[in-house]
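Undergrad: One structure follows; several queries about it will come next.
Values quoted throughout were computed directly from the atomic coordinates according to the rules given, and no laboratory measurement underlies them. Computed from a predicted structure; not experimentally measured. When we count neighbours, we look across all protein chains shown, and the Cβ atoms used for this are built from the backbone with ideal geometry, even at glycine.
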Amino acid sequence: VDLAIGPGTSFSIEDIESMPSIARQIRDVIRTDPRVSLGRADNGAGSGINCLGGSSRSNAFTIDGSLAIDGFGLNEGTGTSARFAFPVPFDTVASTSVEFAPLDVQYSQFTGCAINIVTKPGSNEFHGSAFYLYNDEGLTGSKLEGDTVINDPFEDKNFGFDFSGPIIKDKLFFFVAYEETDEGGVQNSGPIGGGFANEDWLTVAEANEIKDVLLNQYGRDVGDIVRTLPQTSERTFVRLDWNINDEHRAELTYTQLEELNLDPDDLGFNGFSFRDNFENEGIDQDTLSLRLFSNWTDNLSTEFRYSTFDVTDIQGPSGGGEAQDPNPITRIQVEDGAGDPALISGPGFFRSANDLQYTIDQFKLSADYVFGDHTLTFGVEQETRDIFNLFIPNATGTITFDDVDALRNGTAAEFNINGSFTGVAADAAATFERDINSFYLQDEWQVSDAVTVVA
C-alpha cells in the first residue's frame, strides 16, 4: 500500500502473516500502531478501531479503494460494514494501511483515520489453502483465580478456504475465498431454578405456566427458554484480474456478507422473556466493484472505478410479527402484581416495525499527469446513498396485565399502540437520497530530494 504524505503506517503481507489474530481481523494488525486502540464492543462481537482517541464511526474504511463502512451508524462494535466479524475473508488481505492526516486531495470523509485493505490477485500459479478452528467448553478451563466458574455448553467454529490461479496465463486470473464463523454466546440470566448464572424474577414453573396460558388461551407459541445466543458470519469473495494489454488492466471484485445473531431485546426490561421476544440481528450485504487502470502515455495515467454496495440491515423479533408483516403480533406484558414487568411476549418495543435498507454507489474518474518535477492530479467523484428506514416503536401495540391471574382471565389493565397515520406501517418510513459530488485538482511539486510541496 502506497502512503500519502503524512503520518501513517503500512503493513505488507509478511507483516500480516507474522502477527497473531485470534479474531482473524485486520484490527489486530493495525493496533500495533500506537495511535490506534481497540474499544470494547457489545455481545463480544469484536472491538471498534479508535484512532487518536476518536470513535470508530469517524474512520474511513475501504477495500481496494471502495467504501466498506457502516453506512447508517448502527455497527458501533466494528465501525465497518460488518456487524460482528470482518467484511471479507481474512485470507484475501494482501496489505493494509492506516493513515491519520494524509496530504492528498483524494482523501475525505473522516476525522479519525483512513484504513484501506488491498486484496490478493490471482497469478500464473495455482494456489489454495484451508483452515479450521474449533473450541468448546471441554477445551476451556473451569477455574478462574482458583474459583470454579459456570461453564455452559458452547461451540465456536471458524473455517474457510481460498483458491487462486490463471484462467488464461499472463492474461486473466481469479481469486476466490470463503470464511464462516459460528459462535455460541451464553444467555447468563433466566428464571429461578433454570441453572442460569443470574436467576431472578420468575421460577421455571411460573414461566412455563404463563407459556401454557399464552398457548392455550391466546394461541401464541412463545418458544423455549433461551440458553445460547448463536452468532454466525459468512463471507464470500471473488476477484478477477484482466491484463487487457501492456497499457490497460481491469479488476472486478464481488463480496457477499451474511451475518446473524440472537440477542435479548426490550432495552431496560429486567424481567424474563421466551425466545419470541428475543431479537435477530445481522447484515445481508452485496458489493460489486469494477476498476480500470490505464497508462495512455509515459506521463498520463487514469483510474476509473465504480462500485455498488447494497445492504439489508436485520433487526427483527425472533418470533416474527412486526407491523409490516402479514400477521402482526401484539406484545403482551405480564406484571408481578406490584407494577413491575415480569414477562414480555411478542416483538420487542423497538422491533415491532423495523426495516432498514440502503445502497451506496460510488463513481470515480481521476488522472495523473507528470511534467518535469510536477505531478498533476485531477478528477471527479460521486457518492450516492439511497436509504429506506422504517422505525416505529410499539407499532403492534402492548397489552398489559397486572398479574398471571389477570392474563388467565383476560382482564387487561392497559393497551398502548403507535403507528402510521394511514394504518400502513411502511408509510411511516423515511426514504431519502444523498449525493456528494467532488471535483479536485492537486499539484505535487518535488522541489528537491528533501522538499515536496503539495497544493
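Undergrad: Would you be so kind as to identify which of GLN333, GLN285, PHE304 lies farthest towards the positive end of the dipole of region 242-360, taking Lys and Arg as +1 and Asp and Glu as -1 on Cβ and the Cα centre as origin?
TA: Of GLN333, GLN285, PHE304, it is PHE304.
Undergrad: Based only on Cα atoms, what Rg/Rh ratio does region 246-318 have, Rh being taken as Kirkwood's radius?
TA: Rounded to two decimals, Rg/Rh equals 1.39.
Undergrad: Let's see if you can work this out: charge +1 on each Lys and Arg Cβ, -1 on each Asp and Glu Cβ, no other charges. What is the dipole magnitude of the chain about its Cα centre, in debye to the nearest 20?
TA: About 520 debye.
Undergrad: A follow-up question, please. Consider the candidate values (i) 49, 26, 24; (ii) 36, 25, 20; (iii) 49, 26, 20; state which one is semi-axes √(5λ) of the Cα gyration tensor in Å computed from the structure displayed.
TA: Here semi-axes √(5λ) of the Cα gyration tensor in Å agrees with entry (iii).
Undergrad: Here is a follow-up. Cα centroids of region 156-176 and region 62-128: how far apart, whole angstrom?
TA: Cα centres, region 156-176 to region 62-128: 19 Å.
Undergrad: How large is the Kirkwood hydrodynamic radius of region 82-177, counting all unique pairs of alpha carbons, in Å?
TA: Working: mean 1/r = 0.0563 Å⁻¹.
The answer is 17.8 Å.
Undergrad: Order 123-135, 398-410, 175-187 from most to least packed using the mean count of other Cβ atoms within 10 Å.
TA: Listed from highest to lowest mean packing, they are 175-187, 398-410, 123-135.
Undergrad: Now for a separate question. Note the direction-averaged projected area, equal to a quarter of the hull surface, for the Cα convex hull of region 302-455, in nm².
TA: Result: a mean projected hull area of 15.6 nm².
Undergrad: If each Cα of region 158-221 is one equal point scatterer, what is log10 of I(q)/I(0) from the Debye formula at q = 0.15 Å⁻¹?
TA: -0.69
Undergrad: Using only the alpha-carbon atoms, how far is helix 204-218 inclined from the longest principal axis of the chain? Give it as 0 to 90 degrees, nearest 10.
TA: Roughly 90 degrees between the two axes.
Undergrad: In the chain, if the dipole is taken from +1 on Lys/Arg beta carbons and -1 on Asp/Glu beta carbons about the Cα centre, which of PHE272, VAL453, ALA85 is farthest to the positive end?
TA: Farthest towards the positive pole: VAL453.
Undergrad: A further question on this structure: What net charge is computed for the residues neighbouring GLU99, neighbours being all others with C-beta under 11 Å from the C-beta of GLU99, Lys and Arg scored +1, Asp and Glu -1? Walk me through the numbers on the way to the answer.
TA: Details: positive: ARG35; negative: ASP2, ASP33, ASP104.
Cβ neighbours under 11 Å give a net charge of -2.
Undergrad: In whole Å, how far is the Cα centre of region 261-320 from that of region 375-390?
TA: 18 Å
Undergrad: Could you give the size of the charge dipole of region 228-323 about its Cα centre, using +1 on the Cβ of each K and R and -1 on the Cβ of each D and E, expressed in debye and rounded to the nearest 20? List each step's numbers first, then the result.
TA: Details: 6 positive and 20 negative charges, 64 e Å.
Here the size comes out at about 300 debye.
Undergrad: In debye to the nearest 20, how big a dipole does region 126-183 give about its Cα centre with +1 on each Lys and Arg Cβ and -1 on each Asp and Glu Cβ?
TA: 620 debye
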